[in-house]
Amino acid sequence: MEILEDIKTASSEAETPLQKLERTLNPIVGFVILPLFALANAGIHLHGDLLKVLSSPVSLGIGLGLIFGKFIGITAFSRLLVAFKLAKLPENVNWKMIYGIGFLGGIGFTMSLFITELAFTDESLIFTAKVSILFASLTAGVMGALLLYRNRKQLRTVKHKRT
């Protein structure tokens, strides 16, 4: 253990101040600043009756497509590939993890916003679509994160087996 501590100390001392700053700021930039920047530049201004907007047919179609369409596509294709033995699940990965990833696939923010601009000319439909994309992506992300969080014990087991 003493040797490992010496290695850890030596490697920490070999790191430049800029590398330490970059390592410290990386999670903040990746999980806070970048999403806020993307949201600010998406041109979504939340106003009006959001419940009415989110219950419109356009909104429901976008929500169902992003959340459940992507989930079904990712998980069904994965199941088919495994069933036909064209692929196999990685070691220590179970289907609950694949389901979590399937929901994370529903985070379709940038491309969905781009397609919205091409598909609609009516400003009210563009607003409805953008708000729907935001809420569907958020919902899909939360659902995927919760599924993966519930499987965290197995993820820890995988980490310990590899080290």
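Each reported figure results from applying straightforward, stated rules to the coordinates on display, with no laboratory input. Quick caveat, the model's predicted, so the values are computed rather than measured. Methodologically, a virtual Cβ is constructed for each residue, glycine included, from the backbone with ideal geometry; neighbour enumeration extends over all protein chains shown.
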Hey, can you rank 42-52, 113-123 by average C-beta count inside 10 Å, highest first? 113-123, 42-52
Given an 8 Å cut-off on Cα distances and at least 6 residues of separation, report the relative contact order of the chain as a percent. 28
Can you pull out the GluC sites (Glu not before Pro) in segment 13-91 whose DSSP state is coil and whose Cβ has at most 14 other Cβ atoms within 10 Å? E15, E91
Choice from R23, R152, R79 with maximal GNM fluctuation in the chain (Cα, 10 Å cutoff): R23
With labels modelled as points extended 7 Å from the Cα through the Cβ direction, what inter-label distance (nm, one decimal) is found for N151 paired with D122? 4.1
Shape call for segment 1-127, from the Cα gyration tensor axes a ≥ b ≥ c (a/c under 1.5 means rounded, otherwise prolate when a/b beats b/c, else oblate), comes out oblate
For segment 104-116, Karplus-derived ³J(HN,Hα) couplings (6.51, -1.76, 1.60; θ = phi - 60°; whole Hz; x for glycine and proline) come out as 4, x, x, 7, x, 5, 5, 5, 5, 5, 5, 5, 4
Mind pulling the angle between the C-alpha long axis of helix 17-28 and the longest principal axis of the chain? Nearest 10 degrees, somewhere in 0 to 90. 40
Mean-square fluctuation maximum in Gaussian network of the chain, Cα pairs under 10 Å, restricted to S78, S11, S112, hits S11
Quick one: what are the phi-derived ³J(HN,Hα) couplings along segment 60-75, Karplus 6.51/-1.76/1.60 with θ = phi - 60°, whole Hz, x for glycine and proline? 5, x, 5, x, 5, x, 5, 7, 8, x, 5, 4, 5, x, 5, 6
With θ set to phi - 60°, apply the Karplus curve 6.51 cos²θ - 1.76 cosθ + 1.60 along segment 4-15 and write out the HN-Hα couplings as whole Hz, x wherever there is a Gly or Pro. 5, 5, 5, 5, 4, 5, 5, 5, 5, 6, 6, 6
Connecting every pair of Cα atoms under 10 Å apart in the chain and solving the GNM, the largest mean-square fluctuation among I74, I28, I101 falls on I28
Only Lys, Arg (+1) and Asp, Glu (-1) charged, at Cβ; segment 14-163 dipole about Cα centre in debye: 1180
Taking a cut-off of 16 Å between Cα atoms, list the lysines near K153, but don't count ones fewer than 8 places away on the same chain. K96, K161
Which distance in nm do the two modelled labels at L138 and I72 give, with both placed 7 Å along the Cα-to-Cβ direction? 2.6
